[in-house]
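Reviewing the structure listed below.
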Amino acid sequence: MLEIKNLHASIDDTPILRGIDLTIDNGQVHSLMGPNGSGKSTLAKVLAGDEAYEVTEGSILLDGVDLLELDPHERSAAGLFMAFQYPVEIPGVTMKYFLRTAINSVRKYREQPELDAYEFLSLVKERAAMVELDTDLLDRPVNGGFSGGEKKRAEIFQMAMLEPTACILDETDSGLDIDALRIVADGVNKMRGDNRSFLVITHYQRLLSYIVPDVVHVLVDGRIVRTGGKDLALELEEHGYAPIESEHAVDA
Amino acid sequence: MTNDPNAMLDQWAEQPDYKWGFVTDIEADTVAPGLDESVIRFISAKKDEPEWLLEWRLDAYRKWLTMEAPEWPHFPDRPWGPIDYQAISYFSAPKSDEDRPKSLDEVDPKLLETYEKLGIPLEERAALAGVAVDAVFDSVSVATTFRDKLKEHGVIFCSFSEAVQEHPELIKKYLGSVVPATDNYFAALNSAVFTDGSFVYIPKGVRCPMELSTYFRINALNTGQFERTLIVADDAAYVSYLEGCTAPMRDENQLHAAVVELVAMEDAEIKYSTIQNWYPGDENGKGGIFNFVTKRGICEGDRSHISWTQVETGSAITWKYPSCILKGDDSIGEFYSVALTNMRQQADTGTKMIHLGKNTRSNIVSKGISAGHGHNTYRGLVNIRRNATDARNYTQCDSMLMGEECGAHTFPVIEVANDTGHIEHEASTTKIGEDQIFYCNQRGISPEDAVSMIVNGFCREVLAELPMEFAVEARKLLEVSLEDSVG
Ligand SMILES: Nc1ncnc2c1ncn2[C@@H]1O[C@H](COP(=O)(O)OP(=O)(O)OP(=O)(O)O)[C@@H](O)[C@H]1O
Ligand SMILES: [Mg+2]
């Protein structure tokens with residue numbers, strides 16, 4: 001369960017998040033929508049602990065653990081995963097080596113035994129199949145020369161490997177072709193379960209017809225201004241953000 | 001600071017910025033600073049050298065006097081003045097020079113303790129890894145092991161001084177044959193005042209049964225080190241030679257001007273690996289070693305093969321261009337390098353591949369890592385001469401920058417006088433950014449592990465060329481050298 005309370009964050013003294021309250025129960029999928037620049041990626045990165053942002057107020061708990069007390073890698077080990085909107089390339093480090101380092105770091109933190117080469121490779125095989133990822137990609141440098149769609153799929157693959165309890169997907173659907181979108185959505189749906197919560201950031205209702213959310217939030221200017229069921233996404237698709245934005249223009 | 005040597009050792013060893021900086025308290029027999037012909041005569045006499053060698057030294061010295069010290073290249077952050085060669089002491093040896101230990105049991109326990117602190121327990125290393133160790137401590141060898149086993153195979157591995165006494169014909173034949181005494185300013189200085197070093201001779205058809213390794217330490221205050229290494233691999237012989245070093249923490253700049261010469265005859269192969277970790281100076285550029293080395297090998301015979309691998313993390317300034325003269329037809333020269341500069345360090349390193357013979361091949365892989373205010377320069381020459389038909393060169397030159405204040409520079413020069421030659425050059429510059437570190441963190445990898453993973457990935461092709469346990473040491477060194485440089 002991910003509990004965000006009255007979260008304020010700024011970058012270079014400019015407030016971006018201005019009081020976010022959001023609780024995602026285990027087993028639930030919430031979707032976060034909102035206009036460009038409203039702060040969606042900021043929220044994702046603040047949850048993950050990006051030090052470029054300063055949290056000025058509020059709290060973040062994951063299954064009761066205070067994430068604000070933890071460094072980014074410890075948050076990951078505590079069960080938080082964020083699929084990046086723009087995954088970075090790391091030259092010289094193969095995807096396989098990277099993932100094995102990641103998994104074993106996380107396992108060590110969780111006091112689980114490290115995976116040996118054989119166990120690791122069998123897990124890779126199984127999870128790659130789950131997201132229909134071409135394993136040849138895994139011998140290349142992390143995100144090195146990956147197409148936009150390959151990067152996004154590789155993010156979901158990493159999520160499947162690391163088995164987090166809270167998953168934040170930042171526009172994982174953008175840049176995906178129709179088939180890839182379905183594959184990624186299937187992967188997420190397979191991972192949905194009683195011990196896991198999802199926050200799916202997207203601009204498009206299309207993704208939400210594959211990953212059906214329990215709750216939809218609309219973020220405007222660093223605040224959640226509407227919360228509703230899956231139909232809210234349909235409504236936004238039809239009318240855009242303008243009606244909601246004008247409703248809240250007084251705050252700006 | 002206390003005067004108790006043990007307390008001092010501990011204190012130095014605990015310095016956060018230079019974990020391996022400590023000084024052993026061995027009484028040195030040091031000549032007063034300054035350089036003239038009498039100093040050279042003193043060194044030569046002390047070593048009981050033949051007349052021709054003294055003359056060779058004096059000749060080099062006289063030529064050196066007429067040479068110009070090289071201009072400092074542009075070092076934006078750190079204006080060094082000219083070196084005062086009269087302020088340097090040119091000879092220092094442990095007191096027990098006369099009766100040097102014949103085995104490890106006879107070695108000063110304090111020296112062994114020093115190696116222990118370095119993580120190189122001599123006896124263990126030697127025994128476990130089957131490595132013969134010729135430890136140069138200050139300027140005189142104090143321990144040589146596995147000599148008997150090497151003797152069985154006819155391999156000569158000894159200190160340079162010993163070789164002068166026992167194999168004068170080999171020394172006379174090969175000394176200065178690859179790096180002439182007057183090759184450059186520092187080579188001339190070295191030729192005049194070198195005190196010791198290592199000599200290796202592998203006879204025809206012999207594969208040296210173990211890795212040969214030498215550890216260098218610079219220890220006595222203000223004493224320049226002038227090592228001389230000569231390795232000769234006769235027809236179809238093979239040898240892998242490792243050289244590694246760290247130095248104690250000092251405020252005084254220390255000059256190091258070594259010369260290494262390699263000779264590979266027909267079908268012979270020499271692999272020469274270096275880990276260099278001398279004291280780099282502090283964050284403000286105070287102190288540190290000046291490391292001006294001349295390393296050159298000649299592929300004299302057909303199908304001979306020389307390969308240089310180096311991991312350079314230390315020294316305030318490094319100038320070093322391990323080179324190959326590819327004289328024999330079908331000979332191969334290789335250069336694999338990782339140079340890391342942090343704080344105010346400057347490394348200017350690269351190689352020269354001179355293709356003389358037909359079908360000669362050279363391969364250059366250079367990885368420069370700059371962090372802090374460090375500057376890293378790759379300077380290379382690929383020279384294909386008129387008779388070198390079908391010569392080939394591949395050069396890959398990659399730079400990695402960490403932070404905003406550091407720099408990477410590349411100056412590859414290509415000269416081709418035979419149009420059957422084939423040259424390929426690839427270069428790249430990458431930046432380790434906070435976004436890459438954050439990405440790794442998000443996947444559970446700590447910042448330290450992320451940096452070392454990225455750096456090791458970057459250097460992989462070079463580290464793969466090192467012998468196994470040397471590669472482990474090199475990785476550790478890269479990690480230690482980069483601590484706190486990101487985030
Ligand atoms: N380093 C920065 N300096 C100043 N402003 C920044 C910085 N990073 C982000 N911002 C601002 O913060 C706001 C929120 O950005 P964020 O990336 O969170 O938006 P988003 O909702 O994810 O938008 P999109 O839908 O386009 O992905 C934007 O106005 C952006 O310009
Ligand atoms: Mg965004």
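The values are calculated or read from the model by the stated rules, or taken from the named source; none is laboratory data. Treat the numbers as computed from the prediction; the structure is a model and nothing was measured. Heads up, the Cβs are rebuilt from the backbone with ideal geometry, glycines too, and the neighbour counts pull from every protein chain shown.
Summary of values
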read-out	value
Segment A:170-199: number of residues that are of a type outside the set (A, V, I, L, M), outside any loop (DSSP other than H, G, I, E, B) and surrounded by 22 or more Cβ atoms within 10 Å (Cβ to Cβ)	3
Scan of segment A:31-48 for residues that are within 8 Å of ligand 1 (Cβ to nearest atom) and of a type in the set (Val, Ile, Thr), ordered by number	A:Thr42
Only one of A:Ala48, A:Ala52 that is within 16 Å of ligand 2 (Cβ to nearest atom), farther than 17 Å from A:Leu169 by Cβ, within 14 Å of another protein chain (Cβ to nearest Cβ) and of a type in the set (A, V, I, L, M, F, W, C)	A:Ala52
Some residue of segment A:144-162 being within 16 Å of ligand 1 (Cβ to nearest atom), without any contact (Cβ under 8 Å) to a residue 60 or more places away in the chain and not polar (S, T, N, Q)	yes
The listed residue being surrounded by 22 or more Cβ atoms within 10 Å (Cβ to Cβ) and free of Cβ contacts under 8 Å to residues at least 40 places away in the same chain, out of B:Thr395, B:Thr389, B:Thr360, B:Thr430	B:Thr395
Residue match in segment A:202-219 (condition: part of a helix (DSSP H, G or I), more than 16 Å from ligand 2 (Cβ to nearest atom) and of a type in the set (Gly, Ala, Ser))	yes
Residue within segment A:64-71 that is out of contact with any His (no Cβ under 7 Å at 6 or more places or on another chain) and facing chain B (nearest Cβ under 8 Å) present	yes
Candidates A:Thr23, A:Thr42 - the one that is more than 16 Å from ligand 2 (Cβ to nearest atom) and either not basic (Lys, Arg) or not in a strand (DSSP E or B) (or both)	A:Thr23
Among (1) within 16 Å of ligand 2 (Cβ to nearest atom); (2) within 27 Å of B:Pro447 (Cα to Cα); (3) crowded, with 18+ Cβ neighbours inside 10 Å; (4) not aromatic (Phe, Trp, Tyr), the one test that A:Ile11 misses	(3)
Selected residue (criterion: farthest from A:Leu80 (Cα to Cα)) from residues of segment B:434-466 that are more than 7 Å from every other protein chain (Cβ to nearest Cβ) and among the small types (Gly, Ala, Ser)	B:Ala464
Selection from segment B:419-433 of residues that are closer than 30 Å to B:Thr389 by Cβ, within 14 Å of chain A (Cβ to nearest Cβ) and not small (Gly, Ala, Ser)	B:Glu426
Residue list for segment A:86-103, restricted to those being within 17 Å of A:Ala160 (Cα to Cα) and touching a residue at least 12 places away in the same chain (Cβ under 8 Å)	A:Pro87, A:Met95, A:Lys96, A:Phe98, A:Leu99, A:Arg100, A:Ala102, A:Ile103
Meets criteria (among the aromatic types (Phe, Trp, Tyr) and away from every other protein chain (no Cβ under 12 Å)) for A:Phe84	no
Positions within segment A:103-126 being more than 14 Å from every other protein chain (Cβ to nearest Cβ), in a helix (DSSP H, G or I) and of a type outside the set (A, V, I, L, M, F, W, C), in sequence order	A:Tyr118, A:Glu119, A:Ser122, A:Lys125, A:Glu126
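Residues are listed down the side, and each one gets a yes or a no for (1) of a type in the set (A, V, I, L, M); (2) in contact with a Cys (Cβ under 7 Å, 6 or more places away or on another chain); (3) assigned to a helix (DSSP H, G or I); (4) at pLDDT 95 or above:
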| position | (1), (2), (3), (4) |
| --- | --- |
| A:Leu7 | yes, no, no, yes |
| A:Leu17 | yes, no, no, yes |
| A:Leu32 | yes, no, no, yes |
| A:Ser38 | no, no, no, yes |
| A:Leu61 | yes, no, no, yes |
| A:Ser76 | no, no, yes, yes |
| A:Met82 | yes, no, no, yes |
| A:Val93 | yes, no, no, no |
